[in-house]
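Report on one structure; see the data block that follows.
Any read-out appearing in this document is the output of simple, stated calculations on the displayed coordinates, not a laboratory observation. Computed from a prediction, not measured in an experiment: that's the story for all the values here. Reconstructed Cβ throughout: ideal geometry from the backbone, glycine too, with neighbour counts over all protein chains shown.
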Amino acid sequence: MKNLPLLEPINTCCIQAYLKQQELDVCNDDICVDELRKQYPSAILDVFEFQLSQDSPELNQLDSTYFTLINEEKYLHFIEKAFYANNEYCIAKTGILHGDYEGILRDIDELDALDKHLFLHQVIHLWPREYEHFVFNNINLLKMLMRGIVRGYFHAEIYFQKKPMILFSNFDLSLPVIFKDELAMNFYHNLAKESNLYLR
């Protein structure tokens, strides 16, 4: 396991670049996204072009693991292109190494074979870890995180800095994204289109 990549803990709070201190003081995940949406361009990264209505037949698909898995590659394509466009670097705030040992084992059980090796390597070397922010400079580690986000068992905020964007984990393949400016939003809009996804 010596050749496997390892996350690099970083003692930072990326969201400080977006919100004022008084907003940070009351910020939990939902409030944080709402505050950011008021101040910056935002969208939802989704497999559907429009928000589904309550009676939409497509809602039934979202309960299907099969539907999630056949769309997963689109999100992996998007995150890989974003990673390379940002000089193979991003920071993620995630609690994947904060769980109790039983929770960690449950997460490992959900992972694909490659991701099991990668995640177990992180657990062996970094668990338990006080830090929540980690540098991702390896595409396989980032894809592991993204697969967990799409499948709904990892929660994270992913920060890209060269072309500034925050991607938040969420349920039902609908991931909130915040952009620092319209230029970044246009760039990721094209990236979503290339990945057969929508920014709605």
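Some observations on this one:
- Evaluated at q = 0.10, 0.13 Å⁻¹, the base-10 log of the normalised Debye intensity for the stretch 88-200, with identical point scatterers placed on the Cα atoms, takes the values -0.31, -0.52.
- Local electrostatic count at Pro164 - Lys and Arg +1, Asp and Glu -1, tallied over other residues with Cβ under 9 Å: +2
- With viscosity 0.692 mPa s and temperature 37 °C, the Kirkwood radius over alpha carbon pairs of the stretch 134-200 converts through Stokes-Einstein to a diffusion coefficient of 260 µm²/s.
- Taking the C-alpha atoms of the stretch 13-86, convex hull volume expressed per residue in Å³: 149
- Between Gly95, Gly152, Gly103, the Gaussian network model of the chain with springs among Cα atoms under 10 angstrom shows the greatest mean-square fluctuation at Gly103.
- Here is the list for the stretch 139-174: chymotrypsin sites (Phe, Trp or Tyr not before Pro) lying in DSSP coil, each with at most 11 other C-beta atoms within 10 angstrom of its C-beta, are Phe171.
- Distance histogram for the stretch 91-139 (every C-alpha pair counted, 5 angstrom bins, percent rounded to whole numbers): 5, 20, 30, 29, 14, 2
- Residue-averaged 222 nm ellipticity for the chain, from DSSP H runs of 4+ at -39500 (n - 2.57), nearest 500: -13500 deg cm²/dmol
- Relative contact order for the chain, counting Cα pairs under 8 Å that sit 6 or more residues apart, in percent: 36
- Note on the chain: GNM, Cα springs under 10 Å; of Asp181, Asp115, Asp63, the largest mean-square fluctuation is that of Asp63.
- The calculated Kirkwood hydrodynamic radius for the chain is 17.5 Å, given to one decimal from all distinct C-alpha pairs.
- Comparing Cys14, Cys27, Cys90 in a Gaussian network model of the chain (Cα springs below 10 Å), the most mobile by mean-square fluctuation is Cys27.
- For the stretch 49-116: rounded, prolate or oblate by the Cα gyration tensor [a/c cutoff 1.5]: oblate
- Per DSSP, loop trypsin sites (Lys or Arg not before Pro) in the stretch 1-77 with at most 15 further Cβ within 10 Å: Lys2, Lys20
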